[in-house]
Each structure stands twice: as C-alpha cells, then as structure tokens.
Amino acid sequence: MNQPIPSLATHPAGGRVPERLAALGAGLLVSLPLAMWIANRSAPLVLALAAGAFCAAVVAGEGWRPLVRRAGLLLRSPIGLALSGFLLWSLATIAWSHRPLPSLAAWGEFALPLACGAAIAASGRFRPSPALGRGLAIAVAAAALLMMAELATGLALRRALDIGRQVTYVFNRPVLTCLVLAPVAFAALFGHRSSQRWNGALAVLLVLAVAWACLGSESGAAGLGVLVMAVVAVLARLAPRLALAAVALGFVATMVLAPVVGRLGDALLPPALHERLANSHSRDRVDIWLSFGEATLARPIRGSGFGTSPTLDRHPVAAEVSPPRRALLAVGHPHNAPLQAWTETGAVGVALLAFAGLALLLRLKRLAAADLAPRLALFASAFAVAAVAHGAWQGWWIAALTMAALWLYRLPVGSDADDRGA
C-alpha cells in the first residue's frame, strides 16, 4: 500500500483502444462500492472485469511481454513471495481435506481476486487521477447513503421490485466494503495537492456517510472497524512511529495467540460484559473460538486443509475435539481470520501470512504521517474486522481488500503527489 516501485512505474504506449480499455477498467473499479450495494457478492466479478480491461489495454498497446515481466517483478517482491507461498501451501493442504472439491472451490474464490489485483498492478495502466479519486469518494459515500436510506424505509425498494434477499443484514458486506474503501478515497482526495478545491467538503461527506453506515447498520464488525480506523488514523498523524509499532505488535500478537484466543476470552471477559455485548454474540464467539482452537491444537503444523471450516464437524479432526466443543465445529467458520488460517493451514500458513503483513507494514515505515495515516488505519481496521467477523477467504472481502491495496499502491505519496497531480 505504498507507492509503486520504480520498475513498475511505466509510461504505457498511447492509442485510442488501449486508452478506452484502461478507462473502462478504471470506471469499473470506481463502480465497485455501488455494485456491492446492488448485489452484495459482486466485488470479485467487478474486479475480474476491470482486470480483463486493463490487461487487454496493455496487450493492445505493448503486447504480452511487458505484462509478464512486470508480473514477475511483483511476484519477486517480499510481499509477493509470501502471498504466492501461502497460495501454494494452501493449495497443497487440500490433499488432506475431507472434501477436496469444495476446498478447491474455496481456494479459487480466495485466489482469483488476488490474481486480478496483481494483473491490474502489472498492467501499468491503472493510474489514479484526481478525477478518479473524486469519483471513488462519491461512489463510496453514495453507496453508504443509499444503504441507510433503504434501511430507513424497511427495504421498500427491494420489496417493491422483489429483488435480492429482503433482510436488513443484506448490507453487512457492502458496509464493510465501504469501510475499507473509505480511507482509500480519503487518501485519493488529498493525494493530488493541486486539486483540492472541493475535496475538503467531499471528504467530510465521505467520512460522515461511511461512519453513519458503519454505526447504523446491523454489522457490529463495521462498528468496531470504524472506531479502530478513527483511533489509528489520529494516532498515526500525531505519533506515526508509535502507531506503526502498536499496530505491528497487535498484528503479531493476534496471529500468534489465535489458537488460544478462546481460552483467553473465556478467562478474561466477565459474564457482565457478555451480557452488555449480547447483540454482538460475544459469548457465542468465545465458545466457537474454543471449539476451533481445540481443532487447531490437534493439528498445529499443517492444519486440517484449506477450506475445511464450513464442514469441520465432519472432518476426522473433529474426533480429536472434546465432545462438549464438537458441535460448534458445524457453524461454518470461526469468525476469526487468524484462527481460521491456523485451523486450515497450520503454523506454516500463518507464518507466511504474518510475514506478508509485516513486510507491508515495513514498507509503510518510509511514509510521512499524512500518507501513513490512511494506510495504517485501513490495515488496522480491516484486521480488526477479520478477527471477529466473517470467513477469512470470502471472495467479496478479498476483492475489496485487493482493490484498496491496489489503489493505495498506485497512489502517489509525498512529493510525488505534486508531480503526478499537476
């Protein structure tokens, strides 16, 4: 989520067809939050279409070789090597999954958005302009406001048109998408210092709309995420090194302690607190963490196989979990991404993911406070959400994070903002 390395900062060949294809790809990326409002699993499709447009643009203008060369450079970076290693290891763990085909499908759902993001980055055709930044901010704010309007009317529009799932939690995924894209849009608004005439007012609208959606929707994870985002953003502006160190320490501790997070929660959280957090199902989460923690400690090195969480109660490892805890293995996933990574891919997979996260944080260390704040706030907020909410490998979530990282990766920072924004 830093500026692109010099070897990838290309100047693509011109031409009407490549330019139009690249514009189509950029437009698709901007539309992603609105697409999620309409259909709450659409992010991977939108990202894939954008990747196709950008790749077609570079092939039409330069041929395949530059695309392949730049993709190789990305894969050879520390983050690229760690994520590629995790993809290969998680694919290998399917060999001991009790349901190989569903596990392979889960792996594809996880891998596809990452591949699309890498393809867009390698194309060299995605160059966030001030207009694109404003477009993204408007799209995120509009999606957040439209969701709250629908909730205020009891989903009247969807009921009248008889479309989609007509339940209020249908917006949980789109709200979380807006959450992770909000700091991206905020950074984009102020990443081009020559174009700030209306950006201040738009930034205020963006922040208020997303905060309202996160705190007013049924997603407790979004509420937690927006609070973490605000705290980390402020701390990063005031004390950037302290903020970075705190986030890194929290990240490592959460990854390492995930197998025993249930035991810690059971010992440290009093019953009175669980009563106050009843709407967030905190007691249920602790019980689920205890169950999956036992399954993890039964196979701590290699895990139970990628994508096995949805039916872990039918996996042979379930026999090694104590009978009182065995039933909760059927809940689908542990509502904790680090714990799910431990359960399915073991210490090997977790080590690769932890290395990728620390490598990313190390890159952020070079940034000034103004550039660090939105990036670090996004990292901390997304990790906090992943530690308490949905399944770790869901395609819509990976696509949203991939787009956020891609945009911040290509967004100019520091003095580059003046040069590129001119």
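Only the coordinates and a few stated rules stand behind these numbers; no lab work does. All of these numbers come straight from a predicted model, not from anything done at the bench. Virtual Cβ from ideal backbone geometry, glycine too; neighbours counted across all protein chains shown.
Over segment 294-389, what per residue volume does the convex hull of the Cα atoms give, in whole Å³?
That works out to 87 Å³ per residue.
Over the chain, calculate the relative contact order: mean separation of alpha carbon pairs under 8 Å at least 6 apart, over the residue count, as a percent.
Across the chain, relative contact order equals 27 percent.
Could you calculate the contour length gain from Arg237 to Leu249, that is, 0.36 nm times the residue separation minus the distance between their Cα atoms, to one decimal place in nm?
2.5 nm
Using packing as a proxy for protection, rank 332-339, 230-237 so that the peptide with the highest average count of other Cβ atoms within 10 Å comes first. Don't jump to the answer; show the numbers that get you there.
Working: 332-339: 24.0, 230-237: 19.0.
So the order, starting with the most tightly packed, is 332-339, 230-237.
Would you mind calculating the relative contact order of segment 294-422 from Cα pairs under 8 angstrom and at least 6 residues apart, reporting the percent as a whole number?
Relative contact order comes out at 26 percent.
Taking only Cα atoms of the chain, what ratio of Rg to Rh do you get with Rh as the Kirkwood inverse-distance radius?
0.96
Which cross-chain or sequence-distant (5 or more) residues have an amide H under 5 Å from the amide H of Arg302, H modelled 1.01 Å from N in plane?
The answer is Ala347.
Order of 64-71, 52-59, 245-252 by packing, highest average Cβ count within 10 Å first? Could the numbers behind the result be given before it?
On the way: 64-71: 14.9, 52-59: 21.9, 245-252: 16.4.
Highest mean packing first, the order is 52-59, 245-252, 64-71.
When the helices in the chain are scored as -39500 (n - 2.57) per DSSP H run of 4 or longer and the sum is shared across all residues, what 222 nm value do you end up with, to the nearest 500 deg cm²/dmol?
Computed mean residue ellipticity for the chain: -23500 deg cm²/dmol.
Sort out for me the Cα centre separation of segment 292-307 from segment 333-355, rounded to whole Å.
Between the Cα centres of segment 292-307 and segment 333-355 lies a distance of 9 Å.
Counting other beta carbons within 10 Å of each residue's own, what order do Asp371, Asp313 fall into, fewest first?
The order, fewest Cβ neighbours first, is Asp313, Asp371.
Bin width 5 Å, origin at 0, all Cα-Cα pairs of segment 142-270: what percent of pairs per bin?
In whole percents, the pair-distance histogram is 2, 9, 14, 15, 16, 15, 11, 9, 6, 2, 0.
Starting with the fewest neighbours, write out Ser217, Ser84, Ser304, Ser77 ranked by other beta-carbon atoms found within 10 Å of each beta-carbon.
The most exposed by this proxy come first: Ser77, Ser84, Ser217, Ser304.
Can you work out the Karplus-derived ³J(HN,Hα) for every residue in segment 305-312? Use 6.51 cos²θ - 1.76 cosθ + 1.60 with θ = phi - 60°, whole Hz, and x for glycine or proline.
Ordered by residue, 3J(HN,Hα) equals x, 4, x, 8, 4, x, 10, 5 Hz.
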